[in-house]
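Please read the structure below before turning to the comments.
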Amino acid sequence: MPNYGLTLNEPRLGLMLHYDASASDAGGLAWLRDPAAGVSYNWYVLDDGAVHEIAPESARAWHAGICRPSDPALTYRDANSAFIGVSIAARPGDVATPPQFSALVDLCRAIFHRHGWPLTDTWRIVGHNTEAHPRGRKNDPEGPDGAHPVLSVDQVRAAL
């Protein structure tokens, strides 16, 4: 049985960014490919910039949990359906590596092109921390210390 759902419950709105808190790239990749994990992303970006598809982009990856829209432009009920889940391999206190960040931005551009979204619609890129409910339940991808983000949504949006 796959580690994701095959059917979306609503149209895609954008991408939700995460970090996985794994101890290693190899360990994180193995865990995400194990159906017993009960968690998945559509895409997973390693420290060296390698990009791995965990769940097909058309599938409902299990990455968001309970979420509520943070912005009036985001009208959704099911965040796992509304957002393509993209995670970097990182732990709290880490910072996305330059190859990882570059690969992530390239992946975001490619996803935008596939879905016909203008690159100026940067509101389509959200962090798990801004959507998770209740607010404060999750701190990824920004990390526990907002002053030193693991992955800055604003920087990804600006690089798009």
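Remarks
- Condition check for R109: surrounded by fewer than 18 Cβ atoms within 10 Å (Cβ to Cβ), closer than 14 Å to G14 by Cβ and in contact with a Leu (Cβ under 9 Å, 6 or more places away or on another chain): yes
- Residue in the stretch 132-148 that is surrounded by 14 or more Cβ atoms within 10 Å (Cβ to Cβ) and aliphatic (A, V, I, L, M) present: yes
- Residues within the stretch 40-74 that are under 20 Å from N139 (Cβ atoms), surrounded by 19 or more Cβ atoms within 10 Å (Cβ to Cβ) and among the aliphatic types (A, V, I, L, M), tallied: 4
- Restricting attention to the stretch 5-38, the residues being in contact with a helix residue (DSSP H, G or I) (Cβ under 7 Å, 6 or more places away or on another chain) and part of a loop (DSSP other than H, G, I, E, B) number 7.
- Check on A21, open to solvent by 50 Å² or more (accessible area, probe 1.4 Å) and in contact (Cβ under 8 Å) with a residue 60 or more places away in the chain: yes
- Any chance P92 is surrounded by fewer than 23 Cβ atoms within 10 Å (Cβ to Cβ), touching a Phe, Trp or Tyr at 6+ places or on another chain (Cβ under 7 Å) and within 21 Å of K138 (Cβ to Cβ): no
The values are calculated or read from the model by the stated rules, or taken from the named source; none is laboratory data. Since this is a predicted model, take the numbers as computed values, not measurements. For neighbour counting, all protein chains shown are included, and Cβ atoms are generated from backbone atoms with ideal geometry for every residue, glycine included. For accessibility, only protein heavy atoms count, side chains too; no ligands or nucleic acids. Shrake-Rupley method; radii C 1.70, N 1.55, O 1.52, S 1.80 Å.
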